[in-house]
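The values are calculated or read from the model by the stated rules, or taken from the named source; none is laboratory data. All values reported here derive from a predicted model rather than from experimental measurement. Here the Cβ positions follow ideal geometry from the backbone for every residue, glycine too, while neighbour counts run over all protein chains shown. Note: areas computed on protein heavy atoms with side chains; ligands, DNA, RNA excluded. Shrake-Rupley method; radii C 1.70, N 1.55, O 1.52, S 1.80 Å.
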Amino acid sequence: MTVTSVMPDVYSQVQHFYAHQMQALDDRRFAEYAATFTEDCLFQHSPTAEPARSPAEIVDVLVEFHERFADDPVQRRHWFNHVALEWRPDGGIGSTAYVLVVTTRPGGKPEIAPSCVIHDVLDLVDGRLRNRSRRVSHDQLPGDG
Amino acid sequence: MTVTSVMPDVYSQVQHFYAHQMQALDDRRFAEYAATFTEDCLFQHSPTAEPARSPAEIVDVLVEFHERFADDPVQRRHWFNHVALEWRPDGGIGSTAYVLVVTTRPGGKPEIAPSCVIHDVLDLVDGRLRNRSRRVSHDQLPGDG
Amino acid sequence: MTVTSVMPDVYSQVQHFYAHQMQALDDRRFAEYAATFTEDCLFQHSPTAEPARSPAEIVDVLVEFHERFADDPVQRRHWFNHVALEWRPDGGIGSTAYVLVVTTRPGGKPEIAPSCVIHDVLDLVDGRLRNRSRRVSHDQLPGDG
C-alpha cells in the first residue's frame, strides 16, 4: 500500500473533484462533465461499449444514452466510496473507487444497481484535476475486473 | 466549477462536521444536532413542512417526528455522498450533497429510501462550522429541486 | 463534539487508509488487510464471534469465513460513511463510521445488508495508521450498540 505517498490535500481535492464531476453528470450538464476529461482522454463506461476518446465524444455518448430515456422522468445518482489513490511513474494519479447507481422515478423508491468499480487515471496540472481515463467494471459481469 | 476555490482543509472539515452532525441526529441526540445550526437558521426537511427557524424549533420538530415512531424500534441512518462546496459572496459556504436514508428494524434488512439532496449554507466562524440553512429536496417528488 | 480537535489532514488520511484497507478485504487480499492491524489488536466482526487478537488470527478468521462461500462467486463490498473521529487520552484515535455491505452475484442485482457501525481505535505511529481494535455492531440486532 502507498497510503502515505499521496498527500492529504490531494486526497481531499480528488474527493471534491468527483463531487462536482458526478453532480454535473447526474444533473445532465454533459458539457461540464466532459470538460473534466483531458482532450486525449479514454472513457469506457461499460465493457461492451466503444470507448469515447475526447470530451466531444463523451458528450455524444451521454446524449445518446439519455435519449433512450427521453420519456422516462428518471433521476440517476452515482454514489462513490473508498477512493484509493496511487501515484504512477508517469506522474498521473491512479484512482480506484466503488460506485453504486441510485435510480429514482416519481413516486417511487430508489433502485440501487449496478455495483461497479471505476478505474481512473487523473492528471493534476496547475492545480487542476482532470480524468485522463476512466474505465468502469461491473460486479455482476463475471470476469470483468 | 469552483473546485479549486475551496481549500482542501475546509473540505475535510465539512465532511467531518457532517459525520458528527448526522451521527448525533441518528443517535437521537437532538439538542446536539440542533446546536450545529445557527441561532437564526432555516431548516426545511421536507418541501411540505413549515421550516424551523432556530435550534429550539429544530428540537421540537425532531421530537414530534420521533414520537410517531415511539413504539417502533427503528434505526435510521442518513448517508451522505459527493459533498460539493462553493464559496458564496456573503462569505458562507454553499454545500450540495446526496443523501440516502437507511432504515433497519430488529431482525430485518435495511430499507434504503428516500434518495434526497441537501442544499446547505454553512458558516465558518472562528474555525467552527454551523448550518445557517438546510433545505432537503426529494428525488421521488417531481419538480422538487 | 470535538470536530475541530482532529486536524483536517489526519481526517483525509483516515479516509484514505480505510479506502485501501477495505478494498484489500473485498479483493480477498487478507494478509494485506490483516497488516493494517497492530500486533496486539482486537478484531470482533460480529457480536457472537470470538475476537481475533493478532493479524495472523485475522487472516485465519477471514479464510474460514470465505471457505463457506468457496462455490459461491459472490463479490462483497463494504461501504463506509460519516467517519467521526475523536482523540483519546491514550493517544489513539477513536473512529466511528457507518457500514453497508453490498453483495453482488453474477447476473444479479446488488443486495445491501446488513447496516452496521464500526467502532475503531486507530494508532498513528510514524505517519502510519493501523487499527488497534475494531468492533462491529449490527443495526438489526437489538441491544447491539
**Study point:** region C:122-135 - phi-based ³J(HN,Hα) in whole Hz, Karplus 6.51/-1.76/1.60, Gly and Pro as x
**Key:** 10, 10, 10, 10, 6, x, 10, 8, 8, 7, 7, 7, 8, 10
Review point. Using alpha carbon coordinates only, what is the Rg to Rh ratio of region A:1-141, with Rh defined as the Kirkwood radius?
Key: 0.97
Review point. What is the minimum Cβ-to-axis distance for chain B, in whole Å, where the axis maps B onto C, and to which residue does it belong?
Key: B:SER12, 3
Study note, to complete from the structure: Sequence order, region A:91-104: Karplus ³J(HN,Hα) from phi using 6.51 cos²θ - 1.76 cosθ + 1.60, θ = phi - 60°, Hz rounded, Gly and Pro as x, gives x, x, 10, x, 9, 10, 8, 7, 9, 10, 9, 9, 10, 10
Exercise for review: One decimal, nm, shortest first: give the distances between the label point of C:VAL125 and those of the same position in the other copies, each label point 7 Å from Cα along Cα→Cβ.
Suggested key: 4.4, 4.4
Study note, to complete from the structure: So the carbon and sulfur contribution to the accessible area of region B:13-80, 1.4 Å probe, in percent, is 51 percent
Check your understanding: For peptide C:111-122, how many partner chain Cβ atoms fall within 10 Å of a residue's Cβ, on average?
Key -> 4
Practice item. Report, for C:LEU141, each distance to the same residue's label point in the other copies, shortest first and in nm; define the point 7 Å along Cα→Cβ. Key: 3.8, 3.8
Check your understanding: What accessible area per residue, rounded to a whole number of Å², is obtained for region B:3-138 using a probe radius of 1.4 Å?
Key -> 43 Å²
Review point. Could you work out the helix-only [θ] at 222 nm for chain B, with each DSSP H run of four or more residues adding -39,500 (n - 2.57) and the total divided by the number of residues, to the nearest 500 deg cm²/dmol?
Key: -8000 deg cm²/dmol
Practice item. Provide the per-residue ³J(HN,Hα) series for region B:34-41, in order, calculated from phi with Karplus coefficients 6.51, -1.76, 1.60 and θ = phi - 60°, each as a whole number of Hz, with x at glycine and proline positions. Key: 4, 6, 8, 10, 6, 4, 9, 6
Practice item. Give the nm distances, rounded to one decimal, from C:GLY107 to the matching residue in every other copy, measuring between label points 7 Å along Cα toward the beta carbon; shortest first. Key: 3.3, 3.3
**Study point:** Calculated log₁₀ intensity ratio I(q)/I(0) where the Debye formula runs over C-alpha points of the protein assembly as shown, q = 0.10 Å⁻¹
**Key:** -0.72
**Study point:** C versus A: buried accessible surface, summed, Å² (probe 1.4 Å, to nearest 100)
**Key:** 2500 Å²
**Study point:** DSSP beta bridge pairing in region A:3-138, given as percent antiparallel to the nearest 5
**Key:** 90 percent
Revision key, fill the gap. For chain A, longest principal axis from Cα atoms; helix A:55-67 axis from its Cα atoms; angle between them, nearest 10 degrees, is 30 degrees
**Study point:** Average beta-carbon neighbours from other chains, 10 Å sphere, peptide B:123-135
**Key:** 1
